[in-house]
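What follows is a set of notes on a single structure, which appears directly below.
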Amino acid sequence: MTSNLRRIATVLGSAAALLACVSPAAAQADYPARPVRLIVPYAAGGPTDTFARSLAASWGSKLNTTVVVENRSGAGTIVGTEAAAKAAPDGYTLLLTTVAHAVNPSIHARLPYRTVEDFAPVGLAARAPLVLVVNKHVPARTLPEFIAYLKSHPGKVNYGSAGVGSAPHLAGELLNYSAGTRAVHVPYRGSAPAMADLIGGHVEFMLDSAPTGLAQVRADTVRLLGTSMAKRLPQTRDTPAIAEAVAGYEAYTWNAVFAPVQTPPAVIQKLSATLGEALGDPTLQSKAYELGLVLESKPTPQGLRDFLRAELDKWKRVAVATNMKAE
């Protein structure tokens with residue numbers, strides 16, 4: 001009896017070892033066999049969430065599964081990013097994040113994850129420009145006049161943002177850094193209260209996301225003076241890029257997809273390829289235009305890896321020069 005039990009144990013052990021070798025490959029070949037979770041480290045309803053849901057619909061059709069958006073907001077994207085970093089590396093949990101991912105290492109003394117080492121890049125999906133808007137009481141009516149106004153009033157002109165480390169904050173500090181100005185940052189708990197105070201005249205300007213900023217321009221509550229990408233936007237061709245008055249200026253947030261590190265290369269390859277197909281979907285392209293986004297044409301893991309490295313370097317320089325720290 002003992003001999004029989006040993007033989008059975010040996011057979012079971014061999015079978016288990018065989019399954020351990022075969023199962024990962026089989027799982028990769030069948031990927032995806034269930035819905036994919038896309039963590040968005042922001043609250044529902046914002047521009048990142050809005051884009052994520054449109055992307056999820058298009059991407060899911062290319063992956064032949066459902067891509068489910070899960071909002072995990074908090075601590076300036078750290079809560080959701082940590083959840084993604086610690087998820088199983090099987091391709092069923094992904095992270096859609098923004099420029100905050102590249103900024104947080106420079107403004108936080110410690111993070112509960114490693115920004116580069118704990119993630120496998122999938123692809124850059126979109127770049128999201130900002131618009132420079134001023135309240136109606138600011139005397140400057142053109143971009144050059146506004147830059148001159150900032151330079152002639154050092155430390156006396158305030159700008160609002162969605163909080164420390166947010167894209168509007170980064171863009172404002174990059175303006176100070178690039179133009180040699182000294183505008184004063186006023187952080188808010190989100191873009192909406194910052195915009196409300198801009199309209200009310202409590203702060204002089206703001207670099208807001210294109211959709212919300214342009215909505216206020218159309219409502220004639222604020223004045224549009226410039227846009228934040230290197231070239232003019234298709235949606236506002238008559239409005240100069242800030243770079244036309246401040247050489248080398250370019251600031252924008254972005255949407256990029258990462259997976260937990262050690263996600264199988266074959267899975268990453270499939271995710272990247274289908275992400276590219278999704279970004280070519282006319283329905284998604286139409287939605288992106290409405291959101292003021294510039295979609296990537298050929299997202300690749302290596303492209304995102306290089307892009308993130310450049311963004312980390314860029315924002316580290318700005319954070320050090322402006323003494324930018326999270327509260």
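Structure notes:
- Amide H contacts under 5 Å for G123: V257, restricted to partners 5 or more places along the chain or on a different chain, H placed in the peptide plane at 1.01 Å from N.
- What the phi angles of region 139-149 give under the Karplus curve with 6.51, -1.76 and 1.60, with θ = phi - 60°, is a coupling list of x, 5, 10, 10, 4, x, 5, 5, 4, 5, 5 Hz, glycine and proline written as x.
- Packing-based ranking of 160-166, 244-250 yields 160-166, 244-250, ordered from highest to lowest mean Cβ neighbour count within 10 Å.
- Under the Debye formula (equal points on every Cα, no solvent term), log10 I(q)/I(0) of the chain at q = 0.08 Å⁻¹: -0.41
- Prolate/oblate/rounded label for region 129-244 (Cα gyration tensor, a/c 1.5): rounded
- Nonlocal amide H pairs with L94, under 5 Å, H built at 1.01 Å: R37, L38, I39
- T66-Q302 FRET efficiency (beta carbon distance; Förster radius 22 Å; 0.05 resolution): 0.20
- Cα→Cβ-extended label distance, 7 Å offset, between V164 and R53, nm: 3.2 nm
- Computed FRET value (nearest 0.05) for K156 with D197, which takes r as the C-beta separation and R₀ as 22 Å: 0.85
- DSSP beta bridges in the chain [antiparallel fraction, %, rounded to 5]: 60 percent
- Phi-derived couplings, Karplus 6.51 cos²θ - 1.76 cosθ + 1.60 at θ = phi - 60°, listed residue by residue for region 154-162: x, x, 10, 10, 9, 10, x, 8, 7 Hz, with x used for Gly and Pro.
- Computed from Cα positions, the angle between helix 301-322 and the longest principal axis of the chain comes to roughly 40 degrees.
- Report note on the peptides 226-235, 128-137, 204-213: ranked by the mean count of other C-beta atoms within 10 Å, highest first, their order is 204-213, 128-137, 226-235.
- At most 13 other Cβ within 10 Å, DSSP loop - GluC sites (Glu not before Pro), region 109-203: E117
- Label point of A310 set 7 angstrom out along Cα-Cβ; within region 210-233, amide nitrogens under 19 Å from it belong to 228-233.
- Average Cα contact separation per residue, the chain, under 8 Å, 6 or more apart, as relative contact order %: 25 percent
- The Cβ shell under 10 Å around A171 holds other residues with a net charge of -3, Lys and Arg each +1, Asp and Glu each -1.
- Karplus (6.51, -1.76, 1.60) ³J(HN,Hα), θ = phi - 60°, over region 276-281, in Hz, Gly and Pro reported as x: x, 5, 5, 5, x, 5
We did not get these values from a lab; they are worked out from the coordinates using the rules stated. Quick caveat: nothing in here was measured; it's all calculated off a predicted structure. All Cβ positions, even for glycine, are placed from backbone atoms using ideal geometry, and neighbour counts span all protein chains on display.
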